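So the structure is just underneath, and the comments pick up after that.
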Amino acid sequence: MRAAVTLCAAAALAVPLGTASAAPPAERTAQQSRDPVLVDCSSRPDVRPAAFVLACGDGNSRLVSMQWSRWDAEAAAGRGTNAVNDCVPYCAEGTFHSYPVTVRLDRPQAWEKDPGERHYTRITLTYTDGRPDGSPRTVTHPLWD
């Protein structure tokens, strides 16, 4: 009888925990945080992502191994790697090359999809050791809404 009561009590405690952890970690973090989010290619908000696709159409440029040192109401800063496809002889047969970068996100604004949420609208990459052919050392791009 004691084992049955203990088992029922454990099950009762597990139900609320299972429900609370059912949301993906990034969404749960974004909901708990009032800091801006980073909106990905699928219009999902994320906070401190480990990876981020820069070229949504074909995935030929992405950030990987991201480690964030700052993420607040004004800006985010981190380091990682920009994996870029050289598309030689064409993208499907190309080779990905890795370039260390520092990343800055800034210019937070209300997100059109969820005006109660703010999202970063600009990204700046600074290549710290090598860079893709024809690319300047520092590049800045607007981010989608």
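Throughout, read-outs are computed from the coordinates displayed, never taken from laboratory work. Bear in mind the structure is a predicted one, so any value in this text is a computation, not a measurement. Neighbour counts are summed over all protein chains in view; Cβ atoms, including those assigned to glycine, are modelled from backbone coordinates with ideal geometry.
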Over region 25-142, relative contact order from alpha-carbon pairs under 8 Å, at least 6 apart, %: 18
Measure of compaction for region 97-145 (Cα Rg per 2.2 N^0.38 Å): 1.40
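Give me the net charge of residue 74's neighbourhood, meaning all other residues with Cβ under 10 Å from the Cβ of residue 74; Lys, Arg count +1, Asp, Glu -1.
Numbers: positive: 70, 107; negative: 35, 72, 106.
After counting each charged neighbour, the total is -1.
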Distance between region 43-59 and region 101-120 - C-alpha centres, whole angstrom: 13
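In cubic angstrom, how much convex hull volume per residue do the alpha carbon atoms of region 25-142 span? Working shown, then result.
Numbers: hull volume 12.2 nm³, N = 118.
Value for region 25-142: 104 Å³ per residue.
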Sorted by Cβ neighbour density within 10 Å, fewest at the top, the residues 129, 40: 129, 40
